[in-house]
1. Quick one: net charge of Gly85's neighbours, Cβ under 12 Å, K/R +1, D/E -1?
2. May I ask for the distance between the Cα centers of region 632-680 and region 227-301, given as a whole number of Å?
3. How far apart, in nanometres, would the label points at Ser651 and Lys400 be if each is projected 7 angstrom from Cα along the Cα-to-Cβ direction?
4. GluC sites (Glu not before Pro) within region 388-422: which are DSSP loop residues with at most 14 other Cβ atoms inside 10 Å?
5. Run the simple label-point estimate for Ala115 and Arg589 please: 7 Å along Cα→C-beta, distance reported in nm.
6. Count charges around Asp262 for me, please; just the other residues with Cβ under 11 Å from its Cβ, Lys/Arg as +1, Asp/Glu as -1.
7. So for region 173-321, taking the charge dipole from beta-carbon charges (+1 Lys/Arg, -1 Asp/Glu), which of Thr318, Trp280, Gln187 sits furthest toward the positive end?
8. Out of the total accessible area of the chain (probe 1.4 Å, heavy atoms of protein only), what percent is carbon and sulfur?
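The values are calculated or read from the model by the stated rules, or taken from the named source; none is laboratory data. On a predicted model such as this, the values are computed, not experimentally measured, just so you know. Quick reminder, even Gly has a Cβ in these numbers, built from the backbone with ideal geometry, and neighbours come from all protein chains shown. All accessible areas refer to the heavy atoms of the entire protein, side chains included, with ligands and DNA or RNA removed. Shrake-Rupley method; radii C 1.70, N 1.55, O 1.52, S 1.80 Å.
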Amino acid sequence: MKLNIKYIIGVTAVATLGMVSCTDEIKFGNSFLEKAPGGTVTADEVFSNPEYTRNFLASIYATQYYNLPTNSTNAAPQCQNYWKGMPDALGDDFHIFFNNTTVFSKYYNGSLTSAIDGNKNGNIYPYTNEFVWENVRHCWMLIERINEVPDMSDAEKARIVDEARCLMAYTYFIAFRWYGGLPVIRQSFTGAESSYDLPRRSVESTVNFMLELLDTAIANKALPWAYTGAEAQSETGHWTLAGAMALKCKVLAFAASPLFNDSQPYYQGKYTLEADTCAWYGGSKPELWTKLKTACDDFFTQMRSQGHYQLIKPTGNTQEDYRYAYRSGYILENSTEILHSVRRSKNASGNDYGWFNLGFGSEVDGSKTNDRYAYCPTQEYIEMFPWADGSPFDWEKAEKEGRLDNMFIQGDTVKGKQQLQNIRYTRDPRLYETAVVNGARQAVNWGDGRASGNNWETWVGGTNAKQNPKTNSGIYATGYRMLKYLVGSVMNRKFPQWNAIMLSDIYLTYAEAIVQTGGSFTEAIDYVDAVRARVGLKGLVECNPDKDLTSNKENLLAEIMRERACDLAFQNERYFDLIRYKRADLLERPLHGLRIYRLVKNGNGWVRSEDQWYNKSFNKGLAEDDPNFYEPSHFDFERFQITTGSRTWWSGGFDPKWYLQPFPITEVNKNYGLVQNAGW
């Protein structure tokens, strides 16, 4: 099968989309169960032509969940809509400062309800406007009717069917993390049925259904383990056996976590969950962690046997080598760290791909960034990244030791040289790939990972941040700006991909499973250390001698979660890690930014300056004894609480109803068996 899905624009199989005409306002939104005609090609025609069938499959791929919003649209899937806001802005790692997003206007102030608007939009992942049920129906149509297709080999048919199973399981998994138990659909329906019995099912039934789909695809072995060589050029992005096995691990990790798997339900209150297994297993089931560990065992056994997938190894031991290895791992289409990716084509003005066009602009310094992409890293997140040797960053300790000036870079002031020389990056290389920080160099050489050119000025009044940190607004509102998936100017006019599952995710998930099943903590640490080693960090135990990580379960799990946050920015993971572990304590703690004030020599002392340096001083013919001649390297620092978009749970506490999202009340009222989540 040669089906190029690398550059899907919106929904490519235009002809086949007539199969979901909007004729019925009763069931699962507007377009779940309707029967075929309504477009230029009917279902019968689709399955009478192999090329139509392949295009139909491509249309399902085109509507997979994709975490980097690129469009301004009310059409499904809403994950493409930048007016919604990314889930990453709900955790403690990023805060969005664009007030027209759903995240800012409904979540931060606590005004979200179960109501939806005329465009079927309500919460951040709208139940009837994400192509969930359309994709499920389309997948079942493929499974049910693939044998009708002429001139297609049995091997290709088997592969398409198992791709459909993976697509369906992935669709369910994304919705499951938001809602818990879901209706379990086991056929496409014709549209001629007089009634439907489609109640919301339990968490256990929903999980078992996803596992059934994935286990069948895994057992069939119709999917390739990976795409390599010439085939990878057209097929990368399709589901593989490795992707199916990894998705199984992710499903089980969420199911086994305390949100659903605990001695008590997550919600106790007016609408208790004690008897409601739609959002709870009904008790603690340790065997779920065992199933997760077994699934991880199976994945790594297969990986050792089949090869191909591996963590990218740096070619040297410099900061640049480590940064380049990490970046290559997630940004390159043929990366051996990507287990499943979702793609979009160029679909924004200027022929740039939408995420880059809005997220960084056409200038290397990001000066044309649109505030719609003001996803600012928090101080709490920045402090999760250790020093370059892997030892924990501790603000109070660094302040006492006089190291705050060098918390991002360290350089030498050399007589006659305006810019700092011999720059050393002092923190975890992943930090500089994830966030813009003060003093780091702006220009990134794609070929070797080296950074050069002028410095990022994120101090108050600096060339880049301007007054953003002081006013707590704009793309530098916290004193930092996001960089992940942008990679400076090197991704300008490149086709985007978002990685649904990364190999490092499965490494860290395996470590978590080992710990939760009472296995060898040393073995678990080995998997974490493998992730750390590719960016030059020393081992967890060596770097944390006071945490007793070989025997202290709580401390080791905390380190695994921190590593996940550092490694998987914008992978749609940190928020859900907090949710699945019911970390109300972290969700309700106020978040902070960092105001940096440049200090300028004034006689025998130092005074604050809110002036730019590079634009006003570099190559301006200043005398060497001018206090503005040399690049600033001494600063005052103020950690401050974020006030713009202050989240309601920072002052009022975290209401556990927020662990799951509300179903649209209009869907609940249709009486096909959809039970509302507690508290909504």
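1. Working: positive: Lys84, Lys106, Arg372; negative: Asp88.
After counting each charged neighbour, the total is +2.
2. Each part's Cα centre sits 23 Å from the other's.
3. Label at Ser651, label at Lys400, 3.5 nm between them.
4. Taking region 388-422 and a limit of 14 other Cβ atoms within 10 Å, the loop GluC sites (Glu not before Pro) found are Glu401.
5. 3.6
6. Numbers: positive: Lys285, Arg580, Lys582; negative: none.
It works out to a net charge of +3.
7. The one lying farthest along the dipole's positive direction is Trp280.
8. Numbers: 11120 of 24130 Å².
The computed percentage sits at 46.
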